[in-house]
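What follows draws every value from the coordinates through simple rules; no lab data is involved. The model shown is predicted, which means the values in this text are computed figures rather than measured ones. Cβ placement follows ideal geometry from the backbone for every residue including glycine, while neighbour counts extend to all protein chains displayed.
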Amino acid sequence: MGNAYGFIEITGVVAAMDALDIMCKTAGVTLATWERKLGGRLVTLVVEGDVEAVRQSVEAATANALKKPVSTGILPNPHPEIIRMVELSASRFKGKAEPSSTPKQLGEDPPDFVPKETTQEESS
């Protein structure tokens, strides 16, 4: 791990991938983890590297991404609890099996979809 994290929160998966591409090409940073919220409408990217590389990558993505980020942040020398949170997030997306190559039928759930539990009242 580097000694800094850079965060960009942006709307849309396509805009997030564009921002990540900019960040990784601008400076020596790597993707630490990412999170999708609201069905992918809000995406948080976390990159890691040395402090200056993280700063340059966040600034470049902020200035040049398809959309203006909702928020950004840089954490030099992150606290161990922040590192633990990023590692937990990374384990969720890195630990999953690769999606199957078989095409899904219309209406089938994606492999990472987990329906919420229905209560007795809802099923009545």
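A few comments on the model shown:
- Residue ID - nearest to ILE74 (Cα to Cα), chosen from residues in the stretch 8-19 that are aliphatic (A, V, I, L, M) and touching a helix residue (DSSP H, G or I) at 6+ places or on another chain (Cβ under 8 Å): ILE8
- Taking the stretch 10-55 as the range and being touching a residue at least 40 places away in the same chain (Cβ under 8 Å) and surrounded by fewer than 18 Cβ atoms within 10 Å (Cβ to Cβ) as the test, the residues that pass are THR11, GLY12, VAL14, ASP18, GLU35, ASP50, VAL51, ARG55.
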